[in-house]
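Everything below concerns the one structure shown next.
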Amino acid sequence: MTAGGNPVLGNAGPIVFQPTDKQVSIASDGNVTVLEGTSRIDSVRGKLCVVSFAQAQNLQKEGSNLYSAGPGTTAQPNTAAKLRQGFVEKSNVNSVLEMSRMIEVTRTYTQISALLQQQADLQKSAIERLADVPA
C-alpha cells in the first residue's frame with residue numbers, strides 16, 4: 001500500500017506482503033523481493049507494473065499525484081524504465097540558479113525597454129524640432 005492507502009499494482013495484480021516479510025528490495029527491473037521469516041533466501045512478491053501512455057496529456061488529474069486514463073487512453077508496458085530503490089523523485093531544477101537567471105532576464109528586459117523608450121523620445125524630440133523650423 002502507498003502512504004495514501006492505495007494498493008501498489010504489480011504485473012499480476014496488487015503486491016501483497018506477509019507480516020513475517022522483512023528487508024524489502026526492489027530491483028531495477030521492478031522485481032520486489034523480501035526475506036521471509038527467518039529464511040536467508042529471497043522470496044519474490046511480484047513485479048511492479050510500470051506503464052507509459054502514448055498521449056500522456058489525455059490523463060485526468062485526480063489529485064494527490066493520482067491520474068486516471070480518460071476514454072481512449074490505454075497504458076502500454078514500459079520496458080525501458082529502470083527503477084531505483086531508496087531514491088526520492090524531485091525536481092531536476094536548481095532553484096537558486098533559475099531564480100538568478102530569471103532576475104538576469106528581467107533586468108535585460110528592463111534595459112531593452114528603457115533603451116526603446118529613449119529611442120522613441122529622441123525620435124519624438126527630433127520631429128518636434130523639425131516642426132519648429134521657420135519656413
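No value in this document is a laboratory result; all are computed from the given coordinates. It should be emphasised that the depicted structure is a prediction, and the values quoted were computed from it without experimental measurement. Glycine gets a Cβ as well: all are built from the backbone with ideal geometry, and neighbour counts include every protein chain shown.
Data table
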| quantity | calculated |
| --- | --- |
| Segment residue 18-residue 117, length gained on full extension (0.36 nm per residue, minus Cα span) | 28.4 nm |
| Exposure proxy ranking, count of Cβ atoms within 10 Å, fewest first, for 8, 96 | 96, 8 |
| Rounded FRET efficiency, nearest 0.05, which uses the C-beta distance separating residue 65 from residue 95 and R0 of 30 Å | 0.90 |
| Theoretical gain in end-to-end length, residue 1 to residue 44 [0.36 nm per residue, Cα-Cα removed] | 13.8 nm |
| Full-extension gain in nm, residue 106 to residue 76, via 0.36 nm per residue minus C-alpha separation | 6.5 nm |
| Residues of type lysines that residue 61 reaches as a straight line, Cα spacing below 26 Å, ignoring anything fewer than 8 places off in the same chain | 47, 82, 90 |
| Cα-based convex hull, the chain, per residue volume (Å³, whole number) | 218 Å³ |
